[in-house]
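The structure appears below as structure tokens.
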Amino acid sequence: MDFSRRSFLKGAALSALSVAAANVLPASVAAAEETKAEAPVSANPDWLGEAPVIADSEIARTYTTDLLIIGAGNGGMMAASIAADHGIDFRVIEQNATVGATRYWYGAINSAETKKAGVEVNTAALRSEISRYTSGKMDQRVLNVWINESAAMHDYLAPILTEAGMTCAFTAAGEKEVDNYTQYYYPATEHFWGMQKKRNEIFQERIEQKGYYIDFNHSLVCLTKEGNKVTGAIAQNVLTGEYVKFVANVATLLATGGYEGNPEMIEACAPILPMCVTASSFYASNKGQGIKAGIWAGAMKDIEAAPMIFDRGIVAPGVDAGYVLNEKGEKVFPGTVSQFNPGTQPFLKVDRDGVRFMSESQPYNDASHAAARRKGGVYAQIFDSNVCADVQRFHTIGCSAMTRSQGDALLPNTIEPQVEAGLIMKADTLEELADKLGFAGKAKETFLATCARYNELYDMQEDVDFGKPAYRLSELRNPPYYGLWLGGSLLCTMDSLWINEDMQVLTPEREVIEGLYATGNCAGTTFVDNYPELMPGFCLGRNLTFAKHIVDKLVKDGIPTGKGPSMEAPVVVENLTAEGCKDGTYTAQAAGYAGPVPVTVEISGGKIVSATADVSGETAALGGAAGPKVIEGILAANGTVDVDVVSGSTMTSNAIIAAVNDCLAQAK
């Protein structure tokens with residue numbers, strides 16, 4: 001029987017075809033309200049589109065397993081590792097050529113490390129604080145899974161990471177408690193194992209040792225359904241274009257991330273982002289496909305956006321927040337520096353009119369959200385040569401503490417290089433700094449008056465204008481002076497599919513879609529409008545905890561264990577040389593970090609005489625810089641044998657090597 005739209009949507013709520021994030025009520029909800037007009041099926045928002053129709057005749061191969069994990073990122077690999085321990089028959093499919101990027105800071109509540117440090121998180125206060133961040137628009141039963149089970153998640157990870165030679169650094173204290181300044185609760189949640197090894201790669205090695213493998217370069221197309229049960233998925237091999245069907249006897253887990261790499265979805269579902277974001281720190285291949293597939297299968301998506309924005313995206317004077325078109329006509333954010341860590345420090349910040357407009361002592365996203373209401377969506381950060389001493393006194397937490405950890409090396413190692421790059425302005429006087437930052441006329445007068453006022457507040461040791469704690473005030477009297485323009489840096493989106501406390505995906509009618517689970521940024525129901533970064537590691541800790549909960553539940557519910565993998569080892573493409581290849585020009589492409597990487601190889605007399613790789617769509621400072629180095633290695637080796645990937649650009653490097661292999665295979 002053909003896999004038709006009719007069979008695909010059988011039993012799915014029509015409401016899933018339109019999302020409240022696009023200001024369209026789900027059709028099934030509208031039908032239940034007598035006073036509402038019937039919603040047309042054509043109300044699908046453009047970003048969602050129609051569910052793909054893939055006929056059985058188009059399926060090149062079909063694989064059957066008990067558990068299908070879609071996405072080899074942080075949640076997917078955690079689930080895979082636990083499933084492998086139980087001997088569950090599972091498969092992992094991943095659209096890219098490598099496992100997803102490891103996020104290093106995870107939050108766990110009252111773990112063994114917490115107890116070792118002699119501290120305890122007040123879970124009632126924590127629950128209340130998170131609910132307050134969301135204005136109550138979250139499910140506290142879902143939140144309780146992280147609060148109550150994250151310690152067990154840490155207990156699972158600790159011996160694995162310790163055996164890998166890593167050591168846990170636990171942050172036992174929050175930010176400084178200040179009298180009459182109690183707007184935030186600072187729980188001790190942060191667990192950090194260092195960045196010398198990547199947890200997802202450790203998980204990959206663990207499952208491969210047990211005979212499991214990851215189906216790389218397989219991009220999710222849609223989920224399959226029978227009645228109300230999700231029975232697996234159809235994916236497309238991004239190298240060959242073939243459709244592959246994966247049948248899941250028991251469960252399918254969506255761990256595909258958010259939609260941060262999809263400008264169309266961003267503009268429709270999170271419109272504040274183009275108003276205040278200047279740079280991207282996200283996994284560019286995360287385009288919301290898991291979310292869309294879930295909706296096509298009948299799921300409901302969170303109504304309100306929940307972006308994770310860090311205040312670290314430097315831009316040159318005069319550059320606005322929002323999308324610009326690159327040379328390929330694609331929408332990208334303009335900033336080239338996405339994680340300028342000192343951007344979070346609570347120095348004076350002013351808008352383009354030279355006006356201070358907020359207390360700078362706040363969570364990372366607040367400055368960007370506030371700047372969305374200012375000209376250009378950007379703001380200037382101002383400090384003087386006492387910057388190193390100031391950040392020690394500020395004592396910010398989370399990953400912003402990396403600025404403080406640099407000590408006196410902060411100026412020469414982090415700030416001065418951006419001065420040389422022309423992104424941080426340096427001047428001997430505040431008047432000169434104003435000119436370099438682009439302030440003129442009335443705006444310059446206001447800027448200088450704002451600096452003078454800020455010095456007054458420092459002398460008073462009281463911020464009577466915005467209530468910033470005195471220990472986070474700083475003076476502007478010690479040249480040279482520094483200034484830079486900042487916007488938000490987008491890490492990810494966290495508004496996603498509705499789930500219950502077992503991570504089962506829900507319909508708009510709050511009914512479970514049988515056989516479908518979600519974790520990570522493909523699972524919603526927790527965050528609204530913002531990310532509470534004063535609870536460091538909350539997002540990742542939730543992701544890992546949910547993944548563990550899902551597998552534990554499946555085991556409890558009777559998924560077969562002890563079977564081990566039913567899959568055969570994937571065919572490994574051997575690296576090739578041009579020796580013996582036919583003369584000609586060959587083209588191919590493979591999936592890189594941000595999308596396809598096309599290559600062209602010219603062969604003559606058994607030699608590669610030229611090779612090019614179009615890496616213009618990759619991150620300029622990483623994949624863009626790695627491309628020429630990989631091509632140089634391929635030319636020197638006359639093929640791909642013993643060609644190394646470039647550190648920090650593994651996905652781009654592997655894409656080039658895979659595509660060149662394809663070209664060489666064509667020429668054999």
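A few points about this structure:
- For the chain, calculated [θ]222 nm from helices alone, where every DSSP H run of n ≥ 4 adds -39500 (n - 2.57): -9000 deg cm²/dmol
- Mean projected area (nm²) of the alpha-carbon convex hull when segment 452-576 is viewed from all directions: 17.3
- Of the peptides 282-289, 90-97, 452-459, the order by per-residue mean of other Cβ atoms within 10 Å, starting with the highest, comes out as 90-97, 282-289, 452-459.
- Against the rule of thumb 2.2 N^0.38 Å, how large the Cα Rg of segment 196-314 comes out: 1.26
- Sulfur and carbon atoms: percent of accessible area, the chain [1.4 Å]: 50
- One decimal place: the segment Ser647-Ser610 gains 10.9 nm when fully extended, by the rule 0.36 nm per residue minus the C-alpha distance.
- For Asp465, the solvent-accessible surface computed with a 1.4 Å probe is close to 70 Å², ligands and nucleic acids excluded.
- Sequence-separation-based contact order of the chain, relative, with Cα cut under 8 Å and 6+ spacing, percent: 18
- Working from Cα pairs under 8 Å separated by at least six residues, relative contact order for segment 116-260 is 14 percent.
- Dividing the C-alpha radius of gyration of segment 384-529 by 2.2 N^0.38 Å, with N its residue count, gives 1.54.
- Note on the chain: Cα-Cα pairs beyond 41 Å make up 31% of the total pair count.
- Average accessible surface for segment 250-384: 27 Å² per residue, computed with a 1.4 Å probe over protein heavy atoms with every protein chain in place.
- Between 0 and 90°, nearest 10: helix 199-209 axis offset from the chain longest Cα axis: 20
- Potential lengthening between Glu330 and Glu163 on full extension [0.36 nm per residue; Cα-Cα distance subtracted]: 55.7 nm
- Segment 308-364, Rg to Rh (Cα coordinates; Rh as Kirkwood inverse mean 1/r): 1.01
- Averaged over residues, the count of other Cβ atoms within 10 Å places the peptides 56-64, 156-164 in the sequence 156-164, 56-64, highest first.
- Where N is the number of residues in segment 394-440, Cα Rg divided by 2.2 N^0.38 Å: 1.41
- DSSP finds beta bridges in the chain, and of those with both partners inside it, around 70 percent are antiparallel.
The values are calculated or read from the model by the stated rules, or taken from the named source; none is laboratory data. These numbers were taken from a predicted model, which means no experiment stands behind them. When we count neighbours, we look across all protein chains shown, and the Cβ atoms used for this are built from the backbone with ideal geometry, even at glycine. Side chains included, ligands, DNA and RNA excluded: accessible areas come from the protein's heavy atoms. Shrake-Rupley method; radii C 1.70, N 1.55, O 1.52, S 1.80 Å.
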